[in-house]
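Comments concern the structure below.
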């Protein structure tokens with residue numbers, strides 16, 4: 001298998017000399033160490049944690065299952081809190097603001113007190129033991145961080161479910177993990193309205209097809225909700241009864257830390273399992289070197305903890321490094337479209353890590369909005385979630401970073417636990433559209449379907465050597481783990497296509513099933529999207545394949561236009577010709593559907609499977625995680641109309 005990326009930005013951006021001089025990593029030493037002795041490299045990274053007992057072997061590899069830092073003992077909560085108390089007890093650990101303007105500042109000493117009290121609640125009042133599963137279904141509030149770290153402290157396995165999933169989705173995850181306890185809140189804020197999370201939990205548990213013994217409820221929104229005596233427990237009342245001291249459980253390096261569910265192609269969610277020592281080693285290391293993390297940084301990862309990004313780069317990674325973490329319970333467009341920039345100005349945030357879909361929304365709203373705010377505190381920007389197209393990258397660099405902030409375009413997955421591919425901001429030049437190189441200690445290659453390395457053109461992105469934060473399996477279904485990730489290649493198959501340039505930079509083209517075969521030519525949908533967005537009239541685009549009687553497949557583009565741009569048939573023709581010129585006549589969309597919005601999760605990620613279902617006239621399935629569920633039927637009708645009225649391809 002091979003395919004080419006026809007549309008590639010050739011621009012190269014360099015970090016400034018002052019940034020390079022003061023960067024955490026500004027030499028090739030880490031790469032050289034990892035190349036000379038990869039296991040010793042990871043030993044050194046693990047030694048930066050606090051261990052109760054050292055490990056006896058670095059790695060035992062029985063493909064596809066690895067054990068890292070074998071028989072070593074530690075506790076993740078201790079590494080995120082206790083080890084900082086001697087020198088950083090008065091440093092702010094969490095800065096939080098709600099969309100209603102409420103603020104909370106929590107020092108490392110206060111974080112320790114909250115987590116210890118909650119740990120005692122779980123142990124003493126709710127009988128949660130090491131190995132028990134605890135489902136967290138909460139808004140993005142400090143109590144969610146407390147709950148994650150309290151579970152880690154006592155050895156319970158946490159399963160965070162995004163507080164926007166439906167009762168049905170929550171029920172599936174509670175049942176699959178066989179959770180003993182659910183921790184939730186009476187409600188969460190969302191664009192000025194209260195989402196009654198407790199009612200959703202009640203509905204999920206209504207049929208009694210579970211082993212949940214208690215529901216611990218944080219009174220956050222202070223709204224009315226059903227209360228089941230004997231099962232439901234008040235968070236604050238319980239906390240008041242407990243001591244602020246709690247001995248941490250001694251955890252083996254390979255003891256499970258958390259389960260995180262990710263969507264599966266079969267419709268059944270996959271519970272990805274991560275363990276303690278290896279995961280925490282990579283989370284700590286990658287946070288430090290990729291984000292150039294300094295002691296005085298105010299660090300904002302905009303992801304919810306319901307996603308892996310929020311686990312690794314909002315919680316475990318930055319707190320293990322003793323950072324100040326900013327959290328915002330709200331969306332980028334409420335109470336207005338300048339809220340993110342207002343928060344950066346107010347809290348003097350220095351590092352921002354967000355998603356390309358959010359960046360493209362900012363672009364659509366206009367350059368004038370961020371221009372109103374003082375963003376000079378920013379020194380580093382990050383992108384995560386999907387490949388970022390060159391125009392969005394350039395806009396982010398220009399209008400948010402003031403042409404002065406390096407951008408780390410990170411590639412990784414729930415299954416990898418942490419960042420695998422990125423530039424190191426004080427060492428590497430940046431190339432829009434390219435994620436960068438594998439991090440020191442990570443081995444990646446681009447292969448054909450016969451497992452041979454591809455030196456020119458594109459192929460399948462694979463991780464060829466085990467790494468500490470790799471998933472240890474799918475909860476309760478290791479055969480599925482083998483089939484999904486380890487059956488196509490001799491190494492770990494990421495599911496993504498990619499190309500590599502002469503400097504070793506990797507451009508991730510998106511899921512292999514997002515590569516469309518048009519009359520024998522393989523075209524990546526991401527490159528077509530990039531070319532469309534490069535047109536100055538387009539704010540955002542999403543491209544999928546449709547069936548074509550002549551060519552087998554053709555392209556359908558959903559396009560959001562920039563403000564004040566008028567939808568016309570002439571513009572559709574213009575955009576088709578634009579893509580033809582940028583890429584090839586082969587890549588020209590057969591259909592273009594103008595729209596005001598795309599189906600996105602509440603974290604801003606486009607749900608492309610829904611667009612594919614629309615294109616193929618299939619049932620869309622569960623849409624409960626959508627921020628805008630009504631857009632699906634609207635796009636279906638628009639596509640039907642487009643097929644009837646489509647301008648013939650020229």
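The values are calculated or read from the model by the stated rules, or taken from the named source; none is laboratory data. This structure is a prediction, so every number in the text was calculated from the model and none was measured. Please note: Cβ atoms are built from the backbone with ideal geometry, for glycine as well, and neighbour counts cover all protein chains shown.
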Q. Taking into account only those residues within the range 44-64 that are out of contact with any strand residue (DSSP E or B) (no Cβ under 7 Å at 6 or more places or on another chain) and crowded, with 17+ Cβ neighbours inside 10 Å, which is modelled with the highest pLDDT?
A. 45
Q | Condition met for residue 334 (surrounded by fewer than 21 Cβ atoms within 10 Å (Cβ to Cβ) and in a strand (DSSP E or B)) | A | no
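Matching residues to (1) in a strand (DSSP E or B); (2) in contact with a helix residue (DSSP H, G or I) (Cβ under 8 Å, 6 or more places away or on another chain):
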site: 468; (1), (2): no, yes
site: 476; (1), (2): no, yes
site: 481; (1), (2): no, no
site: 485; (1), (2): no, no
site: 489; (1), (2): no, no
site: 493; (1), (2): yes, yes
site: 497; (1), (2): yes, yes
site: 509; (1), (2): yes, yes
**Q.** Qualifying position, being outside any loop (DSSP other than H, G, I, E, B), surrounded by fewer than 18 Cβ atoms within 10 Å (Cβ to Cβ) and either at pLDDT 85 or above or within 19 Å of the chain's Cα centre (by Cα) (or both), among 633, 580
**A.** 633
(Q) If I go through the range 449-464 residue by residue, how many of them are assigned to a loop (DSSP other than H, G, I, E, B) and either under 12 Å from residue 512 (Cβ atoms) or touching a helix residue (DSSP H, G or I) at 6+ places or on another chain (Cβ under 9 Å) (or both)? (A) 1
Q. Could you say which residue among 504, 473 is in contact with a strand residue (DSSP E or B) (Cβ under 9 Å, 6 or more places away or on another chain) and surrounded by 18 or more Cβ atoms within 10 Å (Cβ to Cβ)?
A. 473
Q) Across the range 413-426, what is the number of residues that are crowded, with 22+ Cβ neighbours inside 10 Å and either touching a helix residue (DSSP H, G or I) at 6+ places or on another chain (Cβ under 8 Å) or at pLDDT below 95 (or both)? A) 7
(Q) Of all residues being free of Cβ contacts under 8 Å to residues at least 24 places away in the same chain and assigned to a loop (DSSP other than H, G, I, E, B) in the range 97-120, which is surrounded by the fewest Cβ atoms within 10 Å (Cβ to Cβ)? Just the residue, please. (A) 101
**Q.** Of all residues making up the range 354-374, the number that are in contact with a helix residue (DSSP H, G or I) (Cβ under 9 Å, 6 or more places away or on another chain), part of a loop (DSSP other than H, G, I, E, B) and surrounded by fewer than 21 Cβ atoms within 10 Å (Cβ to Cβ)
**A.** 4
Q) residue 209 fails exactly one of the following numbered conditions: (1) in a loop (DSSP other than H, G, I, E, B); (2) in contact with a strand residue (DSSP E or B) (Cβ under 9 Å, 6 or more places away or on another chain); (3) touching a residue at least 12 places away in the same chain (Cβ under 8 Å). What is the number of that condition? A) (2)
Q: Using the structure shown, decide if residue 599 is crowded, with 18+ Cβ neighbours inside 10 Å and either touching a helix residue (DSSP H, G or I) at 6+ places or on another chain (Cβ under 9 Å) or closer than 17 Å to residue 548 by Cβ (or both).
A: yes
Q: Taking residue 560 as meeting all but one of (1) assigned to a strand (DSSP E or B); (2) within 22 Å of residue 165 (Cα to Cα), write down the number of the exception.
A: (2)
Q) Taking the condition part of a helix (DSSP H, G or I), farther than 30 Å from residue 195 by Cβ, touching a strand residue (DSSP E or B) at 6+ places or on another chain (Cβ under 9 Å) and without any contact (Cβ under 8 Å) to a residue 24 or more places away in the chain, does residue 572 pass? A) no
**Q.** When residues of the range 608-629 are limited to those that are part of a loop (DSSP other than H, G, I, E, B), at negative phi and touching a residue at least 40 places away in the same chain (Cβ under 8 Å), the one surrounded by the fewest Cβ atoms within 10 Å (Cβ to Cβ)
**A.** 616
Q) So which of 570, 642 is more than 26 Å from the chain's Cα centre (by Cα), surrounded by fewer than 15 Cβ atoms within 10 Å (Cβ to Cβ) and farther than 26 Å from residue 395 by Cα? A) 570
Q. Given the residues 324, 312, 262, which is the only one that is closer than 23 Å to residue 344 by Cα and within 18 Å of the chain's Cα centre (by Cα)?
A. 312
**Q.** Tally of residues being buried (at least 24 other Cβ atoms within 10 Å of the Cβ) and assigned to a loop (DSSP other than H, G, I, E, B) across the range 123-139
**A.** 3
Q. Applying the selection to the range 79-96, what residues are part of a loop (DSSP other than H, G, I, E, B) and surrounded by 13 or more Cβ atoms within 10 Å (Cβ to Cβ)?
A. 81, 89, 91
(Q) With within 18 Å of residue 226 (Cα to Cα), surrounded by 18 or more Cβ atoms within 10 Å (Cβ to Cβ) and either within 21 Å of the chain's Cα centre (by Cα) or at pLDDT 90 or above (or both) as the only criterion, which of 157, 183 stands out? (A) 183
(Q) Considering only the range 60-78, I want to know if a residue exists there that is in contact with a helix residue (DSSP H, G or I) (Cβ under 7 Å, 6 or more places away or on another chain) and part of a helix (DSSP H, G or I). (A) yes
Q: Filter the range 456-470 down to residues that are in contact (Cβ under 8 Å) with a residue 12 or more places away in the chain and over 28 Å from residue 40 (Cα atoms) and give me whichever is surrounded by the fewest Cβ atoms within 10 Å (Cβ to Cβ).
A: 457
Q) Only one of these conditions is not met by residue 550: (1) assigned to a loop (DSSP other than H, G, I, E, B); (2) at pLDDT 80 or above; (3) over 26 Å from the mean Cα position of the chain (by Cα). Which number is it? A) (2)
Q: For residues that are surrounded by fewer than 17 Cβ atoms within 10 Å (Cβ to Cβ) and in contact (Cβ under 8 Å) with a residue 12 or more places away in the chain, scanning just the range 193-205, find the one that is farthest from residue 136 (Cα to Cα).
A: 194
Q) Which of (1) closer than 30 Å to residue 101 by Cβ; (2) touching a helix residue (DSSP H, G or I) at 6+ places or on another chain (Cβ under 6 Å); (3) surrounded by 15 or more Cβ atoms within 10 Å (Cβ to Cβ); (4) without any contact (Cβ under 8 Å) to a residue 60 or more places away in the chain is the odd one out, the single condition residue 226 does not satisfy? A) (3)
